[in-house]
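This report refers to the structure that appears directly beneath it.
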Amino acid sequence: MTKLPIALMALAGVAAAADAQSLTALSTFGVNGWRAVNAIQAGDSAGSNNGTNYSYLGTGNLERGLAYNRATGNLILVSRSTAGNGIRRLSGTTGDDLGRVDLGTGIISGGTFTTNKVGVSDDGEIYVSNLVTNAATTNFKIYKWGSETAVGGPSVWHNATLAIPTGTARYGDSFDVMGSGASARVVAGSNGTIGYTTFLAGVSSTVSSFSPTIGPSKFRLGLTFGATDGDVLGKVTSDDLFFSSYSGTTGTGLGSTLLTSAGESPMDYATIGGVGYLAALDVNNSRLYIYNMSNPLAPVSIFPSGFTTTTGTLAGNGNASGDVKWGAIDQLTQTATIYAMSTNQGIQAFTFTVPAPGAAALLGMAGLAAFRRRR
């Protein structure tokens, strides 16, 4: 994929920064933009609750993976709930449970957690990973569904140990998908080792050699593709946001920068009106932050205090886990939906709006029109 020329990125960034963006609760989602833990909603599918509590969004550290399906407008939630059938389809508009994704029989197995993280390609194919505490000795698995309604369960898209250069690498805490069809690319971060592993057509390639040299675990808790599928951003709590690119197994460290809060780690990147934006979740208090990434090494915090949809601030989570995902993006009106799930704190939904650009922005966007990222 083609990267944006720096001059055009800068022009678009200046134009976007000239007006104030807004972030508001998605009023149709849950209650005031929040699907709370255990809360049953009137539109939930039959069998998704026990009469008292919703079965797939609780306080037992069982929900750590969330993704948005652009092909349907729905969310895919991964839950290890003892109620079973824990890969759920939720309405991206209301948060209602629409039913399960078919798991098949005897297909999903293995790992410390058999399912944990999820990503969806542009054409609606679903990828779900397990979690392993040592990917050098235990198979890291990725399952693939052709669609939300595929019958018979997933195919096993990747099922092998990984080439780990050093340490005991835990894989499955951070995960992203970009592209579609045979070109869909997956990336997964780890701890205890350097870099990350990319997957194409189910074949893994571990990026473990960086220049300049980087330390281990930079991509474990938060990870996202950037403007292209050759750019990867990563973060762990109490560390900087780290930028990289890669080719094959060789990575290039592009630099690092502080974000507002050390607790920010789950993240997702999107391009809106030709400008890159990073959404990041603070796992210490479940607040959402958004950054203008026109200059990746000097991100501009748009909402320095962060946001929650509810009154006050939600709690954090001790596992530093969860997901942030950009949802539907309207490039014409420059509005986008964002979903944030901090483990044990439910799911928040927001509408992000960039004001209509002025003449300078339109000039810049004319040059940017040819460049587009999947999000």
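Points to keep in mind about this one:
- Debye-sum result for the chain in log10 I(q)/I(0), which assumes one identical scatterer on each alpha carbon, at q = 0.10 Å⁻¹: -0.57
- Most fluctuating residue given options Phe242, Phe113, Phe225, as computed from a GNM of the chain linking Cα atoms under 10 Å: Phe113
- Between Ser305 and Thr149, the contour length at 0.36 nm per residue exceeds the alpha carbon distance by 52.2 nm.
- Based on C-alpha pairs under 8 angstrom that are at least 6 apart in sequence, the chain has a relative contact order of 17 percent.
- Modelled label positions at Thr168 and Ser109, each set 7 Å beyond Cα in the direction of Cβ, lie 2.5 nm from each other.
- Full-extension gain in nm, Thr52 to Ala328, via 0.36 nm per residue minus C-alpha separation: 96.2 nm
- Antiparallel %, DSSP beta bridges [both residues in the chain], to 5: 95
- Kirkwood Rh, angstrom, segment 101-257 [1 / mean 1/r, Cα pairs]: 15.5
- Contact order for segment 79-170, expressed relative to its length and based on alpha carbon pairs under 8 Å spaced 6+ residues apart, stands at 24 percent.
- Segment Asn159..Val203, full-extension length gain: 14.9 nm, with 0.36 nm per residue of separation and the alpha-carbon distance subtracted.
- Computed label-point distance, nm, for sites Ser183 and Leu254 using a 7 Å Cα→Cβ extension: 1.9
- Shape category assigned to segment 29-187 from the gyration tensor of Cα positions, a/c cut at 1.5: prolate
- Structure-based [θ]222 nm, the chain - -39500 (n - 2.57) summed over DSSP H runs of at least 4, per residue, nearest 500: -2000 deg cm²/dmol
- Inter-label distance, nm, simple model (7 Å from Cα along the C-beta direction), Ala42/Thr82: 3.2
- Total lysine pairs under 21 Å (Cα atoms) in the chain, excluding pairs fewer than 8 apart on one chain: 9
Each reported figure results from applying straightforward, stated rules to the coordinates on display, with no laboratory input. This is a predicted model, so every value here is computed, not measured. Note that we place each Cβ from the backbone using ideal geometry, even for glycine, and neighbour counts take in every protein chain shown.
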